[in-house]
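The values are calculated or read from the model by the stated rules, or taken from the named source; none is laboratory data. Predicted model, so just to flag it, every value in this text is computed and none were measured. Cβ placement follows ideal geometry from the backbone for every residue including glycine, while neighbour counts extend to all protein chains displayed.
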Amino acid sequence: MIEERFWLLLSKKSFSEASDDEVRELNELLQNHPDLRDTEEVLSVLASQSPLPEKNDEAEQAFERHIQKIKDDDDNLKGLIIPHNSDSRASNKRISSRAKQWTLALSFMSVILVLLLVFRHNKVSSEQVTKDKVQPSKLITKPAQKAQLQLPDGSVVWLNASSNLTYDKDFGKDLREVNLTGEAFFDVAKDATHPFIIHTKVVDIKVLGTQFNVKAYPNDAYTETSLIRGSVEVTIKNRSNDKQHLSPGQKSVVRNDIADEVASPKMSDTKPLYLTRALTHDETDNSVIETSWMQGKLVFHEGETFREVALKLERAYGVHITFADDEVAQAQPFYSTLPTETISQILDDLKESLQFNYKMTGNNILITK
Amino acid sequence: MRKPENIRLLQQAIACFDDTQAYKQLFLLFYPSLVSFAVSIIRSKEVSEEIVSDVFLKIWEKRQQLDKVENLSFYLFTAVKNKCLNQLQDQKNRASLEINDAVIEFKSLYHDPEQRLISAETIQEIQKAVQDLPPRCRMIFKLVKEEGFRYKEVAELMQLSVKTVENQMSLAFKKIGSAVKLQRQQFAGVFSKN
């Protein structure tokens, strides 16, 4: 009977199912019955989880068939997509471009993988450096690149094109601090004892655990913090009294020239330095426009000039756009959201609402009247 | 590797960004185990593949709620089980969960990160002992060992009591342990004769 008990205790202990008392009982058993120890040693290796095979052709082929089935099932799929908060999306639009999305996503993810590998590698090597030499971890995206990264605390960051995210080795010790230039979507892991703070050029954003988007490109006019879920507090640099508490569905808009205003507060115009606004939604499918870059959409705001639009095109397509004519640069196009197409397709679309010509030489685009 | 934190990350990528590549990874991670689990219940490989594909179709359709699923692994196995039972119900009047003596394969039974010295004969003996386990016992052992489920989860999945899972695991250990012991004694016997 001792043996029966031994098998029960050993199996439970192997898979962390045994209570403290049971572990103690097993140890006593082994003490008193040395003959069991040998078996215990061999069987204890059974407990460790086996690694999965690296590649499984059968599963890969099954996936291809599975995708084909989804495509064939399109009509069926439309009605079944469940709207999620304010983020419900029109399915017919997406289905028509699904094949395109898959290929896009595949190429996009390969870029991410490479970036992640580079990043991990850097991180490892920075840890090997002597203790007093603190090297920050850094993730940089080039134009037309995006990347996803998991921070040491489990928070996830999606980095848009032409952006830069850094944090140093002290991340998570007292505070979780990162520096951002450019645009990123954050899904911050809850941890009230270690506040998460994002530093940008003009604002500091304090977070407890939430999902939100930060757009802080230095050559844009505004720094925008758009809150999807949770709560954040946006404080303007060097103006600790100027704080905005955001609720889900709100965004903070801060003028990027606010830093200059502090130095020489002349208030040249009447536009407010910062304000809180509601998030904008796409009229056709009610999706949140502020985070639509993650679906590869390019978003133009109403009243935005062609020059501002060109900045976005430069980041998204890795091109350089020069205006030969200032009047064209100040004109306002109609489009609000464009699907991901080639840069020349987008320019041709824009030509329908604006009068201009363009010449493309490699990555350089010259816009003329 | 199928670590909970990796799966969490995939769930988020699919839920928030319709990340099709993450969806593919998730599919590849679970497909073989889910199909083999389904086969053990309904025998037909073809129907099993169909069922697993249907479950993943649901995952894509409801992807926006995917990050709310706490334990995706358990969720997937439960969904597959329920679909299998529904399938059986269509065939018979009522269905109960029975584990058939289909081939329940183990990916790699013996993984030893500490590289302890264990002879090839012993490993063979263990493999044989596992294949000789009664089907239900073998499936329980596989769910705990390879899928990393808790006893409680296996009990719920297989519609058994936790006590039964404990006993079945204990039985598996006993059979494997005895096989190892026997093999070692024979080995020692051969050794002493020479």
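For the range A:4-23, which residues satisfy the criterion of being loosely packed, with under 14 Cβ neighbours inside 10 Å and over 47 Å from the mean Cα position of the chain (by Cα)? The answer is A:4, and nothing else.
Each residue in the range B:122-172 was checked for being part of a helix (DSSP H, G or I) and either at pLDDT below 90 or under 15 Å from the mean Cα position of the chain (by Cα) (or both), and 33 of them qualify.
Would you tally the residues in the range A:152-180 being out of contact with any Gly (no Cβ under 8 Å at 6 or more places or on another chain), of a type outside the set (Gly, Ala, Ser) and within 13 Å of chain B (Cβ to nearest Cβ)? Qualifying residue count for the region: 3.
Only residues that are more than 14 Å from the chain's Cα centre (by Cα), part of a strand (DSSP E or B) and small (Gly, Ala, Ser) were counted in the range A:137-179, giving 1.
If you scan the range A:169-184, which residues turn out to be farther than 16 Å from residue A:225 by Cα and either outside the structural domain of residue A:220 (by TED's automatic domain parsing) or acidic (Asp, Glu) (or both)? Don't jump to the end; show me each part of the working.
Step one: of the range A:169-184, the residues farther than 16 Å from residue A:225 by Cα are A:169-177.
Scanning the range A:169-184 gives A:170, A:174, A:177.
Can you go through B:80, B:52 and tell me which one is modelled with pLDDT of 90 or more and within 9 Å of chain A (Cβ to nearest Cβ)?
On the way: B:80 fails: within 9 Å of chain A (Cβ to nearest Cβ).
Of B:80, B:52, the one residue that is modelled with pLDDT of 90 or more and within 9 Å of chain A (Cβ to nearest Cβ) is B:52.
Restricting the range A:181-219 to residues that are away from chain B (no Cβ under 14 Å) and out of contact with any strand residue (DSSP E or B) (no Cβ under 9 Å at 6 or more places or on another chain), the residue that is surrounded by the fewest Cβ atoms within 10 Å (Cβ to Cβ) is A:193. Highlighted here are the helices (runs of 4 or more DSSP H) found entirely within the range A:3-103 that include at least 1 residues which are modelled with pLDDT of 85 or more: A:20-32, A:57-72. Scanning the range A:311-334 for residues that are crowded, with 17+ Cβ neighbours inside 10 Å and hydroxyl-bearing (Ser, Thr, Tyr) turns up just one, A:317.
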